[in-house]
1. Could you list, in sequence order, all residues of region 325-364 that are of a type in the set (S, T, N, Q), within 20 Å of residue 300 (Cα to Cα) and in contact (Cβ under 8 Å) with a residue 12 or more places away in the chain?
2. Could you tell me whether region 18-26 includes any residue that is at pLDDT 95 or above, in contact with a strand residue (DSSP E or B) (Cβ under 7 Å, 6 or more places away or on another chain), open to solvent by less than 10 Å² (accessible area, probe 1.4 Å) and within 16 Å of ligand 1 (Cβ to nearest atom)?
3. Give the residues of region 231-270 that are part of a helix (DSSP H, G or I) and acidic (Asp, Glu), sorted by residue number.
4. Given the options 178, 182, name the one that is over 28 Å from the mean Cα position of the chain (by Cα), of a type outside the set (D, E, K, R), modelled with pLDDT under 95 and surrounded by fewer than 16 Cβ atoms within 10 Å (Cβ to Cβ).
5. Tell me the residue from 125, 95 that is over 19 Å from residue 287 (Cβ atoms) and either basic (Lys, Arg) or open to solvent by 40 Å² or more (accessible area, probe 1.4 Å) (or both), please.
6. So which residues in region 150-173 are free of Cβ contacts under 8 Å to residues at least 12 places away in the same chain and more than 18 Å from residue 261 (Cα to Cα), if there are any at all?
7. Considering only region 138-152, how many residues are in a helix (DSSP H, G or I) and open to solvent by 50 Å² or more (accessible area, probe 1.4 Å)?
Amino acid sequence: MMINSIRLQNFRNYVDEIIHFMPGTNILIGDNGQGKTNIIEGIYYLLTGKSYRVHREQELLRWEQSDFHIYGQFLMNRHKVSLESHYKDKKKMVKINQVACQRLSDFVGTINVIFFSPDDLVMIKGGPAERRRFLDLHIAQMRPGHVSILNAYNKALQQKNALLKSYNDKSFKYSQLQLWNQQIIELGKKIILNRADLTERLQGAVEPIFRNLSSEKETIKIMYYALGKSSVSEAISEFANLLNEKLDQEIERQMILIGPHRDDLQIFLNDKPGRLYASQGQQRSLVLSLKLAELELMRQEKGEYPLLLLDDVLSELDRFRRDYLIKFIESSKIQTLITMTSADNHLDLGTVYFVEKGHIRREA
Ligand SMILES: Nc1ncnc2c1ncn2[C@@H]1O[C@H](COP(=O)(O)OP(=O)(O)OP(=O)(O)O)[C@@H](O)[C@H]1O
Ligand SMILES: [Mg+2]
């Protein structure tokens, strides 16, 4: 997959700017605060419907503006695809090839993307929510239905939660709780199976990558823990029982205590939890190899690589890992956008773009 161009209107510090990209590596270079990350964020937002930096679109709007537009021209299997995202009056509208999509899930996954920045270390160091997000984002790009399932599941959780908060001894409330539990089980099983399936496939892809990336013969192992269990089939078959067992406790504490919204993906280095024992460099290797494994899985499934967006990554990696990443990008011919400041010196990698105060100029 390839991005031919992006146009940002009233997005962050961009008034109206078009950038035409080239196959291979595209380097966005500029001083701090000029708008390099904003370009990456704009492309990511267009393709996933989300920003990785903020939760509210309001912050993406150029100051004092009321709507923003992002237009992108892409190639998928050599066919042109145009995508458009328009945000106005707290609503987002998306179009594929000029045709409006009813739901965001019809749109996400059209063109796939992998984003990597130093902040992704939270995947190791942060809480389970970060790792669930990692899995869900990948699945959402490959199986659009996953977003609808997650949304419906979260709605059921909210309803159950509200009921728990207002619970009294009236018997109809008890049966209502059980009704929500039915929905939670039905949707929750699908979420667990999707995540467990991805974990298994990622494990296969990440092993050889990690072996090459760690100079010593270290191993990575990832395991999805559903409902606190290491066996997914056990979790699925016992889901209803577990929910039933917890119900009285949930009523007493007025909170939901069990479900895939509390699951975790454990990442092990040499069979020990990476979160507790991996050094900074080893954590980087774990995350980088998982990202590269995602690229491989997407290529296997879609027949071509997704776009690769790297924000401030090169300066953060040591030489060995940097060379590995560069070698991967060059040998796979994956289209990559890399941001760097003038302190990094990798301009020979590809086409260079200078970013200054929200304007882009391609090196002649
Ligand atoms: N909503 C907004 N409206 C207008 N300008 C904004 C908005 N949000 C951020 N900016 C401006 O965008 C600039 C930051 O852009 P960006 O994060 O892309 O910088 P960068 O080039 O990646 O810098 P660094 O090298 O420090 O990462 C800042 O000058 C900031 O003030
Ligand atoms: Mg930046």
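The values are calculated or read from the model by the stated rules, or taken from the named source; none is laboratory data. Since this is a predicted model, take the numbers as computed values, not measurements. Cβ sites come from the backbone with ideal geometry, for glycine too, and all protein chains shown count toward neighbours. Accessible surface areas use protein heavy atoms only, side chains included; no ligands, DNA or RNA. Shrake-Rupley method; radii C 1.70, N 1.55, O 1.52, S 1.80 Å.
1. Kept after step one, since they are of a type in the set (S, T, N, Q), are these residues of region 325-364: 331-332, 335-336, 339, 341-342, 345, 351.
Going one step further and asking which of them are within 20 Å of residue 300 (Cα to Cα), we end up with 331-332, 335-336.
Hits for region 325-364 are 332, 335, 336.
2. yes
3. Answer for region 231-270, where residues must be part of a helix (DSSP H, G or I) and acidic (Asp, Glu): 234, 238, 245, 248, 250, 252.
4. Values: 182 fails: modelled with pLDDT under 95.
Every option except 178 fails the conditions.
5. Details: 125 fails: over 19 Å from residue 287 (Cβ atoms).
Answer to the check: 95.
6. 166, 168, 169, 170, 171, 172, 173
7. 2
Okay, residues lined up against (1) of a type outside the set (D, E, K, R); (2) farther than 29 Å from residue 35 by Cβ; (3) crowded, with 21+ Cβ neighbours inside 10 Å:
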| position | (1), (2), (3) |
| --- | --- |
| 258 | yes, yes, no |
| 289 | yes, yes, yes |
| 299 | no, yes, no |
| 319 | no, no, no |
| 322 | no, no, no |
